[in-house]
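Below: one structure, written as structure tokens.
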């Protein structure tokens with residue numbers, strides 16, 4: 001398949017495909033004129049890359065999920081660790097959501113008089129509600 005077909009089938013822009021190839025995540029099999037060509041298996045690799053990115057893995061971590069022969073070789077402990085991270089983020093976000101919902105309907109005349117809102121402020125000030133920033137996938141390049 002040429003790069004345009006891979007982009008169409010995977011939903012991944014051609015610029016991202018070129019970037020992934022540059023980073024060693026995928027490999028083209030050659031060229032058809034000026035266009036890169038890829039084996040059909042690249043679609044499975046792109047699916048694993050998309051899953052890894054959605055889960056918060058860095059591109060370097062995702063690259064390590066492939067064996068030298070190109071097959072998936074995923075560390076189960078890394079998956080469990082990432083699931084734990086996601087669960088912790090969910091708990092923080094649920095606590096934040098509950099506190100904000102309470103503050104929205106709190107009968108206290110002022111939020112500074114609401115014990116629940118004060119606890120929320122203390123937790124936020126202590127960094128207990130912050131969500132880790134998502135690692136960038138790499139430089140943004142224009143599609144095309």
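The values are calculated or read from the model by the stated rules, or taken from the named source; none is laboratory data. All values derive from a computational prediction rather than experimental measurement. Positions of Cβ are backbone-derived with ideal geometry, glycine not excepted, and every protein chain shown enters the neighbour counts.
Overview of values
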item	result
Members of the stretch 55-83 found to be more than 16 Å from the chain's Cα centre (by Cα) and more than 18 Å from residue 28 (Cα to Cα), listed by number	73, 74, 75, 76, 77
Only one of 96, 129 that is farther than 30 Å from residue 42 by Cα, surrounded by 14 or more Cβ atoms within 10 Å (Cβ to Cβ) and out of contact with any helix residue (DSSP H, G or I) (no Cβ under 7 Å at 6 or more places or on another chain)	96
Test set (1) over 28 Å from residue 128 (Cα atoms); (2) outside any loop (DSSP other than H, G, I, E, B) - residue 91 fails condition number	(1)
Whichever residue in the stretch 94-137 is within 21 Å of the chain's Cα centre (by Cα) and farther than 18 Å from residue 53 by Cβ and, among such residues, is modelled with the highest pLDDT	94
Counted residues, the stretch 26-60 - those being touching a helix residue (DSSP H, G or I) at 6+ places or on another chain (Cβ under 7 Å) and more than 17 Å from residue 16 (Cβ to Cβ)	2
Selected residue (only one of 53, 18, 71, 91 is farther than 30 Å from residue 123 by Cα and at pLDDT 90 or above)	18
Candidates 56, 11, filtered to the one that is free of Cβ contacts under 8 Å to residues at least 24 places away in the same chain and under 28 Å from residue 90 (Cβ atoms)	11
